[in-house]
Amino acid sequence: MTLKKQVAHGLKWQAITIVGQRLLSLVVFTTLARLLDPSAFGLVALVGVYMFFASMIADQGIGTALVQRMNLDPEHVDTAFWFNSACAVILCLGTIALARPISLLFHEPQLARLLCWSSLALVFNAMSAIHGTLFIRAMDFRRPAIRTLVANVAGGAIGVGMAVAGYGVWALVGQQLISSLAGAIFIWSASPYRPSARFSLAHLRDLFGVSSSILATSFLWFFSSRLDQIVIGRFAGVPVLGFYVIAGKVPDLANTVTQQPMTEVSLPALSRLQNDHEQMRKAIYKGMELHALVAFAVFVGIATVAPDLVPFLFGSKWAAAGGLCSLLSLSALVNALQIFFYPALMATGGAGNYVLLSVFHAIGVLVACVVGIQFGVTWLVVGIIANNLILVGPSMFYLRNRIGLSPLEHYKPCLVPALASLFMSAVIWTITRVLPTDIVPVLRLACEVSSGGLAYIVCVRLFAPSALRALAQTAGHAFRSSNTLADVSTTI
C-alpha cells in the first residue's frame, strides 16, 4: 500500500474512532449522569487527574519515540515493553501506599479506595501500550480504532449495569477498569507481537533521546489542563467539581470532533512548507478561514443553547451547570482560534518558543485558578479565558518573527463568523422568548438549533459566500480518499 493510500486509510479509521468513541461516550455518560449524583463525578474526576498524571510517568513518551524512530530493533520494542510495565507496577504499588495521604489532602476518605482500585488500570494499559504503538507505527489504524470501540462498549455496559444496581461511584471505577482490561485483551489477541525476555539499557537510552522532550511538554500540558479540576476539588468541594465536569462534557466533545482532525493534519501539512514561508502563511490564512467558520458556529451555538441542552442531556438535577457550560464553550472557542500556533512553530523549528509559551501558559493558569477560586468557579474560568487571550500576543510575535505571519490577516477571517454567531445567538434568544414555557424540551432544542443554524448560514452566505463554498468543497474532499493527501496540503 502506498503512503498516500495509507494516510487516506488512516484518516478514515481516525474519523471512525473519534465519532464512534465520542458518540458512545456521550450515550454512556448521559445515562450515568441521570443515575449518579454530583459527588460521584467529582470523586472520579480527582481520580482521573491522578491517573492521567501517573500514566504519563508510566509511558514517559516511549511510545511516541518508537513511532518516531526510523530504524527499530527488536530490542527497542522489548525494552520499551518491560520498562513501561515495570513503571506501571511500581506506580500501582506507590498509589496504594499514597492513597490515604492523597484522600486526606482533599478531605475525601472514600478517595483512597477509589485510587487503589483504579491504579490497576495503569498495569492493564502499560502491558498493551506497545502492541497498540506497533500498529500505529505500521499505519494500521484499524485495530487501535476497534480496540477503542470494544473498550468503550465493554466499559459502558459494566458501568451502566453497576449504576442501575446501585453501586454509585464504583460504577464509574468499574467502567474505567473494564475498558482498560477489554482493550488490552483485544489488542493482545489482534497483535502478532509477543515480548521476549530481553532488556537493553543502550536501547532504552536511544528511546529516551526523543521521549524526554515529549515528557517535559506533556507535564506542562497536564499542569495547564488539569489544574482547574484539582483546585476546584480541593477548595470548592467534590460536588462542585461534579457540576464542573458535567458542564464541560459537551464543549469537550465538540472540541474533539471539530479540532482533532485539523490538529492531526496541520502539523505534517505545514511541515512540508517549512522552507516556503509565503506558502505557509497562505495555508494558515486559508485554514483559519475554514476553521473559524466551524468554530464560531459550534461553540457559540453550544454556549447559547447550554441552559436548555444540559438538563435535556443529563437530567434536570444538572440544570445549574448550564451557565457554566456556556462559559466553558466560550473558553473552548478561544482555544480553537489558536489551533495553528503549535503546528506552525513546530514545523519551523520553533520548539523552544513553544516550550516557553507553555511555561507562560502554565504560570498564567496557576494564577487564574488560585485567584479565581477565591471568588467562585465562574471567575476561575474567566481567569483561564483571560490567560489564553493574553498569550495570543507573544504567540503572534513568535510567528511574525519566524514566518512573517500577519496578526491582521490571521484573524481577519474571524470577523464574519463572529458577527454571524452574534446574529445566531440573537435569533435563538428570540425563539426562546416566543416559545411557550411548557413546550416539550426536545422540540424547544430542535427549534433553537434549527433556527440558529439557519440564521448563521444565511448571514455567512450574505457576507462571505466564498468561505462557505470552500468549506463545502473541503468537506466533499474529505470523503474522497483518493485525493486525501492533495486536499490536505492545498486546503489546510
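For Val7, the conditions (1) surrounded by 17 or more Cβ atoms within 10 Å (Cβ to Cβ); (2) at pLDDT 80 or above all hold with the exception of (2).
Do we find that Ile102 is out of contact with any Asp or Glu (no Cβ under 8 Å at 6 or more places or on another chain), modelled with pLDDT of 85 or more, more than 17 Å from Leu172 (Cβ to Cβ) and part of a helix (DSSP H, G or I) in this structure?
Answer is yes for this residue.
Screening the range 193-219 for residues that are at pLDDT below 90 and in a loop (DSSP other than H, G, I, E, B) and picking the one that is surrounded by the fewest Cβ atoms within 10 Å (Cβ to Cβ) gives Ala197.
Mind counting the residues in the range 154-199 that are basic (Lys, Arg) and touching a residue at least 12 places away in the same chain (Cβ under 8 Å)?
Total satisfying the criteria: 1.
From the list Gly287, Gly352, Gly322, Gly248, the lone residue that is part of a helix (DSSP H, G or I), closer than 17 Å to Val449 by Cβ and not acidic (Asp, Glu) is Gly322. Residues in the range 68-98 that are surrounded by fewer than 17 Cβ atoms within 10 Å (Cβ to Cβ) and at pLDDT below 90: Gln68, Arg69, Met70, Asn71, Asp73, Pro74, Glu75. Looking only at residues of the range 440-453 that are exposed (fewer than 13 other Cβ atoms within 10 Å of the Cβ) and free of Cβ contacts under 8 Å to residues at least 24 places away in the same chain, we find that the one that is farthest from Phe312 (Cα to Cα) is Ser450. If the condition is being closer than 10 Å to His410 by Cα and in contact with a Ser or Thr (Cβ under 9 Å, 6 or more places away or on another chain), then the range 278-288 contributes Arg281, Ile284, Tyr285, Lys286, Gly287.
Being in a helix (DSSP H, G or I) and either touching a residue at least 60 places away in the same chain (Cβ under 8 Å) or under 16 Å from Gly237 (Cα atoms) (or both) is the filter here, so list the residues in the range 356-378 that pass it.
Ser358, Val359, His361, Ala362, Val365, Leu366, Cys369, Val370, Gly372, Val377, Thr378
If you go through the range 343-353 and keep only what is surrounded by fewer than 19 Cβ atoms within 10 Å (Cβ to Cβ) and not hydrophobic (A, V, I, L, M, F, W, C), you end up with Gly349, Gly352. Just one residue in the set Ala145, Ala182, Ala254 is surrounded by 19 or more Cβ atoms within 10 Å (Cβ to Cβ), assigned by TED's automatic domain parsing to the domain that holds Val381 and assigned to a helix (DSSP H, G or I); that residue is Ala254. Of the candidates Ala65, Ala40, Ala126, the single residue that is in the same structural domain as Asp228 (by TED's automatic domain parsing), modelled with pLDDT of 85 or more and touching a Leu at 6+ places or on another chain (Cβ under 8 Å) is Ala40.
Taken as a whole, the condition of being part of a helix (DSSP H, G or I) and within 27 Å of the chain's Cα centre (by Cα) does not apply to Ile96. When each of Val169, Val160 is tested for being modelled with pLDDT under 95 and either over 20 Å from Gln110 (Cβ atoms) or of a type outside the set (A, V, I, L, M, F, W, C) (or both), the lone residue that passes is Val160.
Tally the residues that are in contact (Cβ under 8 Å) with a residue 60 or more places away in the chain and either among the small types (Gly, Ala, Ser) or crowded, with 22+ Cβ neighbours inside 10 Å (or both), restricting the search to the range 99-113.
Going through the range 99-113 one residue at a time, the tally reaches 1.
Does Val359 count as among the β-branched types (Val, Ile, Thr) and either crowded, with 19+ Cβ neighbours inside 10 Å or closer than 23 Å to Ser329 by Cβ (or both)? No: the conditions fail for Val359.
Any residue in the range 128-145 that is of a type in the set (Asp, Glu) and more than 30 Å from Ser200 (Cα to Cα)? No, there is no match, as no residue in the range 128-145 is of a type in the set (Asp, Glu) and more than 30 Å from Ser200 (Cα to Cα).
Restricting attention to the range 423-439, and to residues there that are outside any helix (DSSP H, G or I) and either in contact with a helix residue (DSSP H, G or I) (Cβ under 7 Å, 6 or more places away or on another chain) or not polar (S, T, N, Q) (or both), which single residue is surrounded by the most Cβ atoms within 10 Å (Cβ to Cβ)? Filtering the range 423-439 for residues that are outside any helix (DSSP H, G or I) and either in contact with a helix residue (DSSP H, G or I) (Cβ under 7 Å, 6 or more places away or on another chain) or not polar (S, T, N, Q) (or both), the one surrounded by the most Cβ atoms within 10 Å (Cβ to Cβ) comes out as Leu435. Every condition in (1) at pLDDT 75 or above; (2) crowded, with 17+ Cβ neighbours inside 10 Å is met by Thr17 except one, and the failing one is (1).
The values are calculated or read from the model by the stated rules, or taken from the named source; none is laboratory data. These numbers come from a predicted model, not from an experiment. A quick note on method: Cβ atoms are made from the backbone with ideal geometry, for glycine too, and the neighbour counts reach across all protein chains shown.
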